[in-house]
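Every number here is computed from the coordinates shown, using simple stated rules; none is lab data. This structure is a prediction, so every number in the text was calculated from the model and none was measured. No Cβ is skipped: glycine too gets one built from the backbone with ideal geometry, and neighbour counts run over all protein chains shown.
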Amino acid sequence: MAAGTIVGTLGGPAKGHTSRVREILSWYESDNPGVKTNLARLLNSGRLAGTGKFVILPVDQGFEHGPARSFAVNPAAYDPNYHIELALAAGCNAYAAPLGFIESVAARHAGEIPLILKMNNHDLLHDEKDPLPAVTASVSDALRLGCVAIGFTIYPGSAHAQTMYEQIREAGEEAKACGLAVVVWSYPRGSSLSKAGETALDVAAYAAHIAAELGAHVIKVKLPTEFIEQPEAKKAYENANVPRATLAERVRHVVQATFDGHRIVIFSGGPKKDSDDAVFDEARAIRDGGGFGSIIGRNSFQRPREHALKFLETIIKIYAGELT
């Protein structure tokens, strides 16, 4: 038997975590075995299992943007089962959705793919400048449905940000006590930010850091632009000569903002792009900048199924290092 091989209780080699998974789990020193087990499930699922990379399918857009805007282009996507079966066929690490969609699929697909229950949601029927999502599910729901994690959106920059911070602190505390991981969607938005500022590099990095400080295990942010929103931050970036000319450099900076890269940071796919290559280039920049992967909804389910499967296969291969 090779030196360093772990021996199981029956004498054969035991299957353990890869060194990369062990390294990532070591970052969460205060967490209990339940949380670490569920993080390991995320890390060890799908075609990227063991690599420390992620491709997650999120489908909260029906609630967030409306069903026609989300699904009319691909009517099969009105069916909740379409999405989880797409995630399974593509080899995604996990599937994330609000309560109703998860309830519709959890029993039929129990144990087949890690589930993330989106606990709060915001609709556009009253699209205020300073959003405050409603809490639409509970930690008890996540446990009942066999989820590995809760998901929660915060809007740094909103006049209601402090309320959201307090909500996720409370929900995160309960989730962790029950052994669930915490995934935070950190999306800057509000009357104090310009439209360009919502994806500005300084604001995106700040939002990612806030999510880490609030106890998130996994942080979802939008890809940052080169723009700097805050005048005082602009001075800091210029004085320190922070590299930001390329998307990979900006990704690296956002990841650095989460405890020097010791939190899992994944990046939103955003609105559907007509060009597959544009999304692939973003995935390459995320990979090259040290990002942990993509959480990509509309660019997946708004493509026809066979196209979506090939599209996701290519993204997975980029993160796996099989494609340059």
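Arrange 155, 78, 28 by Cβ neighbour counts within 10 Å, fewest through most, would you? Could you put the intermediate results ahead of the total?
Working: 155 23, 78 13, 28 18.
Result, fewest neighbours first: 78, 28, 155.
Can you compute log10 of I(q)/I(0) for region 71-135 with the Debye formula, treating each Cα as one identical point scatterer, at q = 0.15, 0.18, 0.23 Å⁻¹?
-0.56, -0.75, -1.00
Over the alpha carbons of region 164-228, what is the largest minus smallest coordinate on each principal axis, giving the biggest first in Å?
Reported extents, whole Å, longest axis first: 40, 20, 13.
Mean residue ellipticity at 222 nm from the helices of the chain, using -39,500 (n - 2.57) per DSSP H segment of n ≥ 4 over the full residue count, to the nearest 500 deg cm²/dmol? If you can, show how the numbers build up before the last one.
Working: 14 runs with 136 residues, N = 324.
So the helix-based figure for the chain works out to -12000 deg cm²/dmol.
Taking the Cα centre of the chain as origin and charging only Cβ (+1 Lys, Arg; -1 Asp, Glu), how large is the dipole, in debye to the nearest 20? Intermediate results must be reported in sequence, preceding the final value.
Values: 33 positive and 36 negative charges, 150 e Å.
About 720 debye.
For the chain, with a Gaussian network of springs between Cα atoms less than 10 Å apart, report the residue from 73, 251, 203 with the top mean-square fluctuation.
73
Per-residue HN-Hα couplings for region 37-52, Karplus 6.51 cos²θ - 1.76 cosθ + 1.60 at θ = phi - 60°, whole Hz, x for Gly and Pro?
After applying 6.51 cos²θ - 1.76 cosθ + 1.60, I find 5, 6, 4, 4, 4, 5, 6, 10, 10, x, 6, 9, 3, x, 8, x Hz.
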